[in-house]
Amino acid sequence: MTADLSVERVSKSFGQTKVLDDISLSVEPGEFVSLVGASGCGKSTLLRIIAGLEAQDQGDVAIAGRSVSQLSPSARNVAMVFQNYALYPHMSVFDNVALPLTMRQLSIIERLPLVRLASPRRSRIAAEIAGKVGSVASQLRIDHLLDRKPGQLSGGQRQRVALARALVREPSLFLMDEPLSNLDAQLRVQMRDEIADLHARLGATFIYVTHDQVEAMTLSHRVALLEAGRIAQIGRPIELYDRPATISVACFIGSPAINILPAQISAGGRLTYAGTPLPIAVDGSAGAAASIGLRPEHATISAPFDGALLIARVRRSEHHGPEQLVHVEIQSAIGGSLTIRVPDSHPETAEVTAGNLVSVSFDPRRLHVFDAQGQRLSTRLFPQQPSQPAKSRKMAGAAV
């Protein structure tokens, strides 16, 4: 069973601090939506409000078209997986997984030890619960761990137990609050794959909070990036990467981070960098400040040549197997630094040595331009590309 989620104009403050500010969010049945953002942006608070663990100051939360704002967490039919797993250390894996069903289907009297032998109803329900626990445990490959205590498990096994406890309830909505943050890097990758497989198998609605943008970009149908209690942008992962709405979104999404260079808008809306006109224009007033965003993989380096827009000195390089991340310092009055992603097969790899001078080129169509307030500006190419030396055109193609 799966359901849609609607969050309408939800706000929340703790004392004088406003954590959520007029948040609205719609999630379709079966969709996987990740909430990302810096610490303190409100993503975990929003998740807890959806679960019913926190009460919003204003606004409404609806699941499957029905308002749940006045319902207790147990009445909302949602399952939440916490960062610290929230397993009971004195209970076996079986009992931890079975707990939601036990609490839901058995009365307080029927949970007493002596009633187990005297109540036929209790015996029948216990058998049904055991069957469901066994089925879910088998799906998550923890059926051989059911007799163990959480303290006897690895981090990945505990995470599977927490997932099993959520899954056994057959909820309409799965809520996950940074479920992989306590795992090492290799295990995070493995568990990320398992969560993706679980979602594909169940077709359930997932709301996933994470500070790890790689998790968000690889798992999600859509990503909502929160800043200071508001949704700065929501869309498909590729949309946030290729068309960030603000400079802060551009800086948050992408690893390594986007390069930001200062620019200015000249007459006719033409963009200039360090006094040199670029072959692109934006809608803006002459003399206004702007910023250029350049992804590391959208820049190239070559041997220095006369007429190059950017000459830089290599500060250091990082080898990452099939590629290098080259950190350079721009040799101009404006200065600044860039990070450039260079394949090891690049013909100018020999130039990537600390202290060497290199030319930096880029395709103007891959630039992101933002105004002084950090909002994205639409760009257009000038019909006439500025002339370049023949050597430059050969090395950089369409680059400036």
- prompt: Can you list the equivalent-ellipsoid semi-axes of segment 131-261, largest first and in whole Å, using the square root of 5 times each Cα gyration tensor eigenvalue?
  reply: 33, 16, 11
message: I'm checking a number: the convex hull volume of the Cα atoms of segment 175-326, normalised per residue, in Å³. What is it?
response: 169 Å³
task: Distance between Cα centroids, segment 273-294 to segment 297-324: provide it in whole Å.
output: 23 Å
Cross-link partners of residue 149 among aspartates and glutamates (Cα-Cα below 19 Å; sequence separation of 8 or more within a chain): 95
- line: With 0.36 nm assigned to each residue of separation and the Cα-Cα distance removed, residue 202 to residue 14 gains 64.1 nm
query: Can you list the residues, at least 5 places off or on another chain, whose amide H is less than 5 Å from the amide H of residue 232, using H built in the peptide plane?
result: 225, 226, 227
- request: Please compute the Cα-Cα pair-distance distribution of segment 207-296 with 5 Å bins starting at 0, giving whole percents from short to long.
  value: 3, 13, 21, 19, 15, 12, 9, 6, 2, 0
- request: Would you compute the Debye intensity of segment 140-210 from its alpha-carbon atoms alone, equal scatterers and no solvent, and pass along log10 I(q)/I(0) at q = 0.16 Å⁻¹ to two decimals?
  value: -0.57
Hz values of 3J(HN,Hα) by residue in segment 142-150 - Karplus curve (6.51, -1.76, 1.60), Gly and Pro given as x: 10, 5, 7, 10, 4, 8, 8, 9, x
message: Which one, 231, 181, 206, is farthest towards the positive end of the dipole of segment 175-238 when Lys and Arg carry +1 and Asp and Glu -1 on their Cβ?
response: 231
- request: Sort 177-189, 301-313 for me by packing, meaning the mean count of neighbouring Cβ atoms within 10 Å per residue, highest on top.
  value: 301-313, 177-189
- prompt: Using modelled amide H (1.01 Å from N, peptide plane; none on Pro or chain starts), what sits under 5 Å from the amide H of residue 173, excluding residues fewer than 5 places away?
  reply: 79
query: Rounded to the nearest whole Å², what accessible area per residue is found for the chain with the 1.4 Å probe?
result: 46 Å²
- line: Checked against the structure, the computed Cα extents along the principal axes in Å among (1) 93, 46, 35; (2) 68, 48, 45; (3) 74, 58, 51 is the one labelled (1)
- request: Please state, as a whole number in µm²/s, the translational diffusion coefficient that the Stokes-Einstein equation yields for segment 1-106 at 25 °C and 0.890 mPa s, with Rh defined as the Kirkwood radius across alpha carbon pairs.
  value: 160 µm²/s
message: Under the rule of at least 5 residues apart or a separate chain, name every residue whose amide H is placed under 5 Å from the amide H of residue 209.
response: 35, 176, 177, 178
message: Probe radius 1.4 Å, ligands and nucleic acids ignored: give me the carbon and sulfur share of the accessible area of the chain as a rounded percent.
response: 51 percent
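The values are calculated or read from the model by the stated rules, or taken from the named source; none is laboratory data. Keep in mind that what you see is a predicted model, and the values were worked out from it rather than measured. With ideal geometry, Cβ positions are generated from the backbone for all residues, glycine too; neighbour counts draw on all protein chains shown. Note: accessible area is taken over every heavy atom of the protein model, side chains too, but ligands, DNA and RNA are not part of it. Shrake-Rupley method; radii C 1.70, N 1.55, O 1.52, S 1.80 Å.
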